[in-house]
Amino acid sequence: MEPPVSPAWATHSSTVRDAAALDPAPGPARVLRLLDAARPADVADVLGALTPEALAEAVASIPLPLAPAVIAAMLGAPPSPARDELACRLVQQPESVPIRTRALPEFLRAMEDAAADDYRDVSVSRLRLLALEALRAGTLTAEQVLEHARPAVLAVTLGVCTPEEYVWPGARRATGDVRVLLRDGLAAALGEDDDRWSAVIEASGSFDGTFAELLLEAGQANHADQTSPHTHEPPGGFRRFFCSPRTHHNPLNLLLGLAPRAVAERYLNTLHDAPAASGPLRAEPSSPAQHRWGWMLTNGPLTRPLVDHVLAHGVVGQRRWLARNELLPDSALEHIGSGYAQEVLLRKVAPPRFRRRAFSAFEHDPQLVRTWAQNLAGERRDQLLDLVWELTDDAVTLRQTVAAITGRVDEPALLCAYGALAFAAGPEPVWALELQRVGSLEQALPEVRASLLTGTADPLIEAARQVPRRHWLDTVADEDHRYQALRSDAELDRTGHFPREALVAAHLDGRPDRWREVARRLAAGTAAPVEAVIRDVVARDSQTAPLRPPTPSLEPSPEHLPEPSAPPVPTPAAAPLEPADLGRNHIGPALVCRTVRAPLRGHSKIR
């Protein structure tokens, strides 16, 4: 028998899983939102394709914030109704005003200051924020970052888009541009050479040169005359790890995700001294290798090689860290195994079926059921109601759960829990719990008295149907919901841009003719999805354009790219714009051609 379904119970969330991908209503505002995925160099031309009236309408209706490049282009344009409207809205919402960004000369001076500070953790984090804001605004390009940014960890971590940054307009495109260049540069320089990949991964956090210099040095680190202080230290060793700046943007995980799968797996197999296979998970691991595994598994980004390795070969400590990581997709959480109930319950984001599995694991420990059930009462009331109805196939655990909350929830919630218990085990356990709660039949809830008079569970189940419930996603706090968009299998496998940014980079970058047609259609009010509009414009352009040599761009490899409805025929890009066209100068493959050298060494005083 299936659990009853009530119109009062939300079966669909009113919260969008990916709020950043939510487009405005059909109209000109969709053009401004699409510009979140555009190169900053293309923004001014796209805005110029809109009529003054359409642009003013778009500015008035779109929710702020906008991409910094859009704001800069509009405020730097001649006076217009759209510019006046934007200025007024920014005065009313000062939190949407972009910070002042730095061009390359200022950024180079900031890096010199950080070097004088010995690249402390806080200095690297501050540099990363400055660089990301400049990339979003277009005052720096991804090419410039990879060419000049030091230490190398700065460039690598700019390929990571964190849950907080995911919703910032322009951040997904900026970090994706860097990730594409990293991927292409690594592939060109390292191929499938295990030793070189290992050298780059090990030194990525402590190398004080640029990313290009790191690749060059990695190619020479295998010679017999190595002079690096870490040369003879095995992977996962003490100095290699503790010489790295500690940040929440993990370079090791990203590099493992960009490496060939076989190379990444062989590297992970070399890490020694894994966490203990039993015992409680301590807040501070006791060995360098445990510190390393803890840092990799509790931070982002999570990547497919790392997750698959832990699911296949990980010991208890590693699986506990992974189960607590909010970025772990549900598909991987399904395979985490038994024995991690408390880690699952401590997650901020977990569908009801995982809580149900965790509670069922407490079947022989009623005290744990009581503790965790009472923890869900109060502000997490809706999650508790989801849980009790998920437990209808486990009557013993369900009765323990309901008994634990009888004095801690409001009467509607208690009645909903009683309905679940009556549905699973009949009305008798409900009668006993209610009489134990109130002491006499006269004090019992009317629905319980009705059930006693009829001798059936129907009054309890029908009353439970009338108790409003929210979908579990709608109960997640806003600051925790940000993880949802990145909790996917696609994100574990992503080596380049996010899907929309990949489509724009592949087909619209440096193509003002296509941009104008896409903007015209969106501003005219088409209800078609943005991606469908882009593909249709590309297909029509490909059918009418003459065959011409392709123009290199920062587009992802074909397996990571959404397919257009018809194969596009590339045509040459427009005249170079400022800032320079990303990827136009082949910075990825050219990374291995630099002649500047820097030793593989760290910055810590530990030597």
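Can you name the residue in the stretch 401-424 that is assigned to a loop (DSSP other than H, G, I, E, B) and of a type in the set (D, E, K, R) and, of all such residues, is surrounded by the most Cβ atoms within 10 Å (Cβ to Cβ)? Checked the stretch 401-424; the qualifying residue surrounded by the most Cβ atoms within 10 Å (Cβ to Cβ) is 408. Candidates are the residues of the stretch 214-230 that are outside any loop (DSSP other than H, G, I, E, B), of a type outside the set (D, E, K, R) and open to solvent by 30 Å² or more (accessible area, probe 1.4 Å); the one that is modelled with the lowest pLDDT is 220.
Among the criteria (1) modelled with pLDDT of 90 or more; (2) buried (at least 20 other Cβ atoms within 10 Å of the Cβ); (3) not hydrophobic (A, V, I, L, M, F, W, C), the one residue 469 does not fulfil is (1).
Looking at 341, 332, can you tell me which residue is on the phi < 0 side of the Ramachandran plot and in contact (Cβ under 8 Å) with a residue 40 or more places away in the chain? Please lay out each step first, then the result.
Numbers: 341 fails: in contact (Cβ under 8 Å) with a residue 40 or more places away in the chain.
So the residue among 341, 332 that is on the phi < 0 side of the Ramachandran plot and in contact (Cβ under 8 Å) with a residue 40 or more places away in the chain is 332.
Scan the stretch 476-497 for residues that are open to solvent by 30 Å² or more (accessible area, probe 1.4 Å) and touching a residue at least 12 places away in the same chain (Cβ under 8 Å) and the total you get is 6. Residues satisfying the criterion are present in the stretch 495-509 (criterion: more than 18 Å from residue 36 (Cβ to Cβ) and modelled with pLDDT of 85 or more).
All of (1) over 30 Å from residue 162 (Cα atoms); (2) without any contact (Cβ under 8 Å) to a residue 12 or more places away in the chain hold for residue 532 with one exception: (1). Close contacts from the stretch 74-85, counting a first residue that is over 12 Å from residue 43 (Cβ atoms) and a second that is at pLDDT below 95 and not in a helix (DSSP H, G or I), with Cβ to Cβ under 7 Å and a gap of 6+ residues or different chains, come to 83/77. Could you look through the stretch 162-190, keep only residues that are modelled with pLDDT of 95 or more and within 13 Å of the chain's Cα centre (by Cα), and pick out the one that is surrounded by the most Cβ atoms within 10 Å (Cβ to Cβ)? The selected residue is 175. Within the stretch 444-465, the residues that satisfy the criterion of being surrounded by fewer than 20 Cβ atoms within 10 Å (Cβ to Cβ), modelled with pLDDT of 90 or more and of a type outside the set (A, V, I, L, M, F, W, C) are 446, 449, 454, 455, 456, 458, 462. Going through the stretch 85-116 one residue at a time, which ones are among the charged types (D, E, K, R), open to solvent by less than 90 Å² (accessible area, probe 1.4 Å) and either under 14 Å from residue 128 (Cα atoms) or modelled with pLDDT under 95 (or both)? Passing the criteria: 102, 106.
Out of everything in the stretch 278-308 that is of a type in the set (Gly, Ala, Ser) and open to solvent by 60 Å² or more (accessible area, probe 1.4 Å), what residue ends up being modelled with the lowest pLDDT?
Initially, the stretch 278-308 is screened for residues of a type in the set (Gly, Ala, Ser), giving 278-279, 283, 286-287, 289, 294, 300.
After this cut, where a residue has to be open to solvent by 60 Å² or more (accessible area, probe 1.4 Å) as well, the list is 278, 283, 286.
Values: 278: 42, 283: 38, 286: 52.
Looking at residues that are of a type in the set (Gly, Ala, Ser) and open to solvent by 60 Å² or more (accessible area, probe 1.4 Å), I get 283.
Of all residues in the stretch 447-461, at least one satisfies being in a helix (DSSP H, G or I) and under 44 Å from the mean Cα position of the chain (by Cα). The single condition among (1) at pLDDT below 85; (2) over 24 Å from residue 292 (Cβ atoms); (3) among the charged types (D, E, K, R) that residue 233 does not meet is (2).
The residues in the stretch 311-353 that are closer than 18 Å to residue 483 by Cβ, open to solvent by 40 Å² or more (accessible area, probe 1.4 Å) and in a helix (DSSP H, G or I) can be counted, and the count is 3.
Would you call residue 59 at pLDDT 95 or above, in a helix (DSSP H, G or I) and closer than 18 Å to residue 172 by Cβ? It is false that residue 59 is at pLDDT 95 or above, in a helix (DSSP H, G or I) and closer than 18 Å to residue 172 by Cβ.
A quick yes/no check of all residues on (1) in a loop (DSSP other than H, G, I, E, B); (2) more than 19 Å from residue 423 (Cβ to Cβ); (3) in contact (Cβ under 8 Å) with a residue 12 or more places away in the chain; (4) open to solvent by 20 Å² or more (accessible area, probe 1.4 Å):
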position	(1), (2), (3), (4)
355	no, no, yes, no
358	no, yes, yes, no
372	no, yes, yes, yes
379	yes, yes, no, yes
382	no, no, yes, no
388	no, no, yes, no
392	no, no, yes, yes
396	no, no, yes, yes
399	no, no, yes, yes
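Of all the residues in the stretch 122-143, those that are within 22 Å of residue 182 (Cα to Cα) and open to solvent by 60 Å² or more (accessible area, probe 1.4 Å) number 2. Got at least one residue in the stretch 498-519 being closer than 19 Å to residue 329 by Cβ and in contact (Cβ under 8 Å) with a residue 40 or more places away in the chain? The answer is yes; a qualifying residue exists.
The values are calculated or read from the model by the stated rules, or taken from the named source; none is laboratory data. For clarity, every value in this text was computed on a predicted model and none was experimentally measured. So basically every Cβ, Gly included, is an ideal-geometry build from the backbone, and we count neighbours across all protein chains shown. For the accessible areas, the whole protein counts, side chains as well, though only heavy atoms, and no ligand, DNA or RNA atoms are used. Shrake-Rupley method; radii C 1.70, N 1.55, O 1.52, S 1.80 Å.
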